[in-house]
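Before any comments, here is the structure.
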Amino acid sequence: MTQRSTGTSDRELAAFNAKATGADDENGEPVGGLTGWTWGGTCGVSMLWVHADHRAGGWGGKLLAAAEDQARRRGCARMVLSSFTFQAPDFYRRHGYVETGRAEGYPAGNAQVHFLRTL
């Protein structure tokens, strides 16, 4: 998965938000984030990321739980997501996600792993 940061725009928006609200958590640096979608009774997690300095703090689980709560509020009965073997498949297994398939050799020497969790 290729990720692109807007760098300057992110910093400028964080500075504006801090000045406007007085809230300056982590000096404008995000701890993590999650993006996703809902459709047809399913919630899909597109991306979940936690800064390396905060990965032992339970933030990934908190973000995932918040997404699951939001999915339930939207009437979803299941969660789906994918991870690469070099990323976090064991993290998702620990949170109750079951492997439903994989694409071997994507990227070369690795696999993309697909997961499902019933809510």
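The values are calculated or read from the model by the stated rules, or taken from the named source; none is laboratory data. Predicted, not measured: the structure shown is a model, and the values here were computed from it. Neighbour counts run over all protein chains shown; Cβ positions are idealised from the backbone, glycine included.
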Segment 51-93 - residue that is under 15 Å from the mean Cα position of the chain (by Cα) and of a type in the set (D, E, K, R) and, of those, nearest to TYR106 (Cα to Cα): ASP90
Pair list, Cβ under 8 Å, 6 or more apart: segment 105-119 residue farther than 11 Å from VAL80 by Cβ and in contact (Cβ under 8 Å) with a residue 24 or more places away in the chain, other residue among the charged types (D, E, K, R) and surrounded by fewer than 12 Cβ atoms within 10 Å (Cβ to Cβ): ALA111/GLU104
Residue match in segment 92-115 (condition: hydrophobic (A, V, I, L, M, F, W, C) and within 14 Å of LEU34 (Cβ to Cβ)): no
Out of GLY58, GLY101, GLY75, GLY96, sole residue that is at pLDDT below 95, assigned by TED's automatic domain parsing to the domain that holds THR38 and surrounded by fewer than 16 Cβ atoms within 10 Å (Cβ to Cβ): GLY58
Out of PHE84, PHE91, sole residue that is touching a residue at least 60 places away in the same chain (Cβ under 8 Å), assigned by TED's automatic domain parsing to the domain that holds TRP39 and among the hydrophobic types (A, V, I, L, M, F, W, C): PHE84
Tally, over segment 63-77, of residues that are closer than 10 Å to LEU119 by Cα and in contact with a helix residue (DSSP H, G or I) (Cβ under 9 Å, 6 or more places away or on another chain): 2
